[in-house]
Structure formats: structure tokens, C-alpha cells
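See structure below.
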Amino acid sequence: PPVPAPSPEPVRPSASAGSRAWRRLCLLVVLLAAAWAAVSWYEPHSWLTGGAWRESLPAGLAAPLFALLYAVAAALFVPRPLLGLAAGALFGSVLGVTAAVVGTVLGAGLCLAAGRLLGRDAMSPLLRGRRLAAVDRQLTDHGFRSVLLLRLLPGVPFAASNYAASLSRVRWPVFLGATAVGGLPYTLVYALAGSRASEPVSPAFLAVLGLVAATGVLGAAAARRHLARGRESTSAPGPATGAGAAAHTI
């Protein structure tokens, strides 16, 4: 009889590849720390929200440039509420919301690209743990719903959640699409609040504040229900085997 060919040995990463991965991770940490320090010291968002930079630009380029600057600032841990308020104050309701949504999606993409390029290889061995593997599996199998709930939860840091998601295997279209849909309510609220900042007691401004509260409550309730379902599916017994499976099937 023919002798079966030996199965190939699994390819294991070399020590040099592992050291390169850790060097990239250290580079990412240093860059993020330097960016956070620069943002805290120089406060570039104050220059961005001031609007003086618009004077030397054509009218049609101001909003696209603001969206790009919004993306970079959001990836560097500048709070999104400040950027959304600036978008509404500078460009009004419609154009401000559009620029803020585009900037939100681009900023999430920048975080995902930087995290996967510099940090994912070094952090992948840590995903073998039970809890982290479950989170990775959740983002992979139910990426749109998980990212959507993450965007709707109040108080979740935007940049930190993006860098954490870059360690998972969530697909690019799913991640960016869920970011656009889930980030729209808060972005809309911030931009509308910025456009109505001169009228803090107007019905539109009060309606915006009510929308903020309603979005936060609904997002928290949906996330709680989602976590409860995840615990139930994890604690449910697996399918029976052997005679027990046959008896159960019968």
C-alpha cells in the first residue's frame, strides 16, 4: 500500500519576527504617548475650533479639510464632543454633521490601520486567553452588531476602543459601516448643539440634549441585553455525544 506522506510541521514564528513585532508595538505606544502629550500641551483642537484657518481657504475646501483634521485629531485622543461642537459651530447643521461623520469614519480607520500595522502581531498571543478569545470571536462573528453597540454606549473612549478593536479580526467594511451608523446619533447631537450654542434655551437645543440622554439610555440597555445573551450562550451546555446524542435526537 502507498505510504502516506507526513503531514507538514506547523510554521512557527521565529524569534526575530517576534522581536520585530514587539518593536512595532513599542513604537506604537511611544507614538500614542507622544501624541497624547502634544495634544494635552498644545491643545490643537482650540486652533481647529477657532476657525481662523478658514480665512485663507476657498469655501469648498474648508469642510473637507476639517473632516481630515477631525480624523487625525480623533485618532490622537482629542475628545469627539469638542470636534462635533466645532463642526456645528463652523459649518452649521447639515454640512457640520456631514463633515463630522466623515471625520469619525476616517479617524476610526486610522486607528484600525495603525493598530493592525504596529500592534496586532505582538498582541495576538494574548488573544489565546479565554476572555480575550471570546471578545475576538464576538467581533469576528458579530462584528457589525458589536461595533454598533460599542458606538452607542455613552462614555466609551473613541480612540481607545478603535485601537482595541484593531487587535481583533473584524473586517474593514463591517467596522467602518458600523462606525458610521452607530456614531451618527452622537455626532448629530454634537453638531446640532454646536450650531445652536448661541441659543441654549431654544426648543431645538433642548431637544438635542434630550436626544443625547435617550441615545445613551437606549445604547446602555441594548449593550446590557447583548451581554446577557452572550453569557447565556457561553454557559449553555454543549451538544450531547454518543448514545446521549442519539437519545436526545430521538
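List every residue pair whose Cβ atoms sit under 7 Å apart, with the two residues 6 or more apart in sequence or on different chains, where the first one lies in region 155-175 and is without any contact (Cβ under 8 Å) to a residue 12 or more places away in the chain and the second, anywhere, is open to solvent by 20 Å² or more (accessible area, probe 1.4 Å) and not β-branched (V, I, T). Qualifying pairs under 7 Å: V156/L150; S161/L150.
Has region 17-26 got any residue that is closer than 21 Å to T104 by Cα, at pLDDT below 80, open to solvent by less than 80 Å² (accessible area, probe 1.4 Å) and out of contact with any strand residue (DSSP E or B) (no Cβ under 6 Å at 6 or more places or on another chain)? Within region 17-26 (the criterion being closer than 21 Å to T104 by Cα, at pLDDT below 80, open to solvent by less than 80 Å² (accessible area, probe 1.4 Å) and out of contact with any strand residue (DSSP E or B) (no Cβ under 6 Å at 6 or more places or on another chain)), the answer is no, since none of the residues qualifies. The set of residues in region 74-87 that are in contact with a helix residue (DSSP H, G or I) (Cβ under 6 Å, 6 or more places away or on another chain) and farther than 20 Å from V181 by Cβ comprises L76, F77, V78, L82, L85, A86. Applying the criterion of at least 2 residues that are modelled with pLDDT under 60, open to solvent by 60 Å² or more (accessible area, probe 1.4 Å) and not charged (D, E, K, R) to the helices (runs of 4 or more DSSP H) found wholly in region 155-250 leaves 203-235, 242-249. Here region 58-78 is the region considered, the condition is being surrounded by fewer than 22 Cβ atoms within 10 Å (Cβ to Cβ) and touching a residue at least 40 places away in the same chain (Cβ under 8 Å), and the residue that is farthest from R196 (Cα to Cα) is L76.
The values are calculated or read from the model by the stated rules, or taken from the named source; none is laboratory data. Just so it is clear, the model here is predicted, and its values are computed rather than measured. With ideal geometry, Cβ positions are generated from the backbone for all residues, glycine too; neighbour counts draw on all protein chains shown. When the accessible area is computed, the model is the full protein with side chains, heavy atoms only, and any ligands, DNA or RNA have been set aside. Shrake-Rupley method; radii C 1.70, N 1.55, O 1.52, S 1.80 Å.
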